[in-house]
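Student: Take a look at this one; I'll ask things after.
The values are calculated or read from the model by the stated rules, or taken from the named source; none is laboratory data. Remember, it's a predicted structure, so these values are computed and weren't measured experimentally. Cβ placement follows ideal geometry from the backbone for every residue including glycine, while neighbour counts extend to all protein chains displayed. For the accessible areas, the whole protein counts, side chains as well, though only heavy atoms, and no ligand, DNA or RNA atoms are used. Shrake-Rupley method; radii C 1.70, N 1.55, O 1.52, S 1.80 Å.
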Amino acid sequence: MTLLKSVVRLDANLPARVFHKKFARYFFFDNDICTSEDLISVTKLVIGESLGYDLMASVFASSDFKYLGDLHMNEDWVAKIVSLSAEMNDSGDYGGLIILEQKKQWAIFQKSPVEEGVLGINSNKKPEAINDLIYENFVDCEKFKEWLEERTSHDIELVKSVGRDYLMSIVENYREA
């Protein structure tokens, strides 16, 4: 719980700052981190390519902050996260997950499966080789800023559906270091 309290603001949710700690980069997602195989796989790849593959994280339920288990880079993340999520669901908890790397190099926060989530990572390394995969699953503040300029009809629709105030709050609260 000490690790959790040192990194995550337990009373916060997006678009507010959910981390006490400032990370170098933020990636936002709107799939369910508990069940989306693509999102889970790409998240592991982004972390591994940015920080290496010798990391371990702790997994918590976002509803009551219960510790669910550890997540090692050498594990099958899809199987492990889906299994931890199923355990939560079996006990009546249908919330999201908080995953924190034990040296505080990265963290994931998603309050519930139907809400947006965020990956904060302390690496400025841009894994160019997987850029397409990253942006199929995540958006960053630069993309939100582009949307807010409303240059295309697609941007206008995105701003309308997500909400201008919400996007502006995200950009303000998650400016990269």
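Student: Work out the charge dipole of the chain with +1 on the Cβ of Lys and Arg and -1 on the Cβ of Asp and Glu about the Cα centre, then indicate which of Phe28, Ile121, Ala86 is farthest towards its positive end.
Tutor: Checking the options against the dipole of the chain, the answer is Ile121.
Student: For segment 36-177, with all protein chains present and a 1.4 Å probe, just round the carbon and sulfur fraction of the accessible area to a whole percent.
Tutor: 48 percent
Student: So what is the 222 nm mean residue ellipticity for the chain from helices alone, if each DSSP H run of at least 4 adds -39500 (n - 2.57) and you divide by all residues, rounding to the nearest 500 deg cm²/dmol?
Tutor: Details: 7 runs with 71 residues, N = 177.
It comes out at -12000 deg cm²/dmol, rounded to the nearest 500.
Student: Related question: With a ≥ b ≥ c taken as the square roots of the eigenvalues of the C-alpha gyration tensor of the chain, please select rounded if a/c is under 1.5 and otherwise prolate if a/b is larger than b/c or oblate if it is not?
Tutor: prolate
Student: Just to confirm my numbers, what's the Cα centroid distance between segment 99-140 and segment 1-68 in Å?
Tutor: Each part reduced to its Cα centre gives a spacing of 7 Å.
Student: Please state the charge dipole magnitude for the chain, taken about the Cα centre, from unit charges on C-beta atoms (+1 on K and R, -1 on D and E), reported in debye and rounded to the nearest 20.
Tutor: 860 debye
Student: Per residue, how much accessible area does segment 1-92 show when a 1.4 Å probe rolls over the protein heavy atoms, in square angstrom?
Tutor: It amounts to 44 Å² per residue over segment 1-92.
Student: Here is a follow-up. Checking the cross-link filter: which lysines have an alpha carbon closer than 17 Å to that of Lys22, excluding same-chain neighbours under 8 positions apart?
Tutor: Counting by Cα, and skipping residues close in sequence, Lys22 has these lysines nearby: Lys5, Lys103, Lys104, Lys125.
Student: By per-residue mean of other Cβ atoms within 10 Å, what is the highest-first order of 119-126, 70-77?
Tutor: Per-residue mean Cβ counts within 10 Å order the peptides as 119-126, 70-77.
Student: Going by average Cβ density within 10 Å per residue, which order do the peptides 145-157, 18-30 take, highest to lowest? Can you show the working numbers first?
Tutor: Numbers: 145-157: 12.8, 18-30: 18.2.
Answer by packing, highest mean first, reads 18-30, 145-157.
Student: Let me make sure I get this right: for segment 71-110, a, b and c are the square roots of the gyration tensor eigenvalues over alpha carbons, sorted descending. Under 1.5 in a/c it's rounded, otherwise prolate if a/b > b/c, else oblate. Which is it?
Tutor: Oblate is the answer for segment 71-110, as a/c is 1.5 or above yet b/c matches or exceeds a/b.
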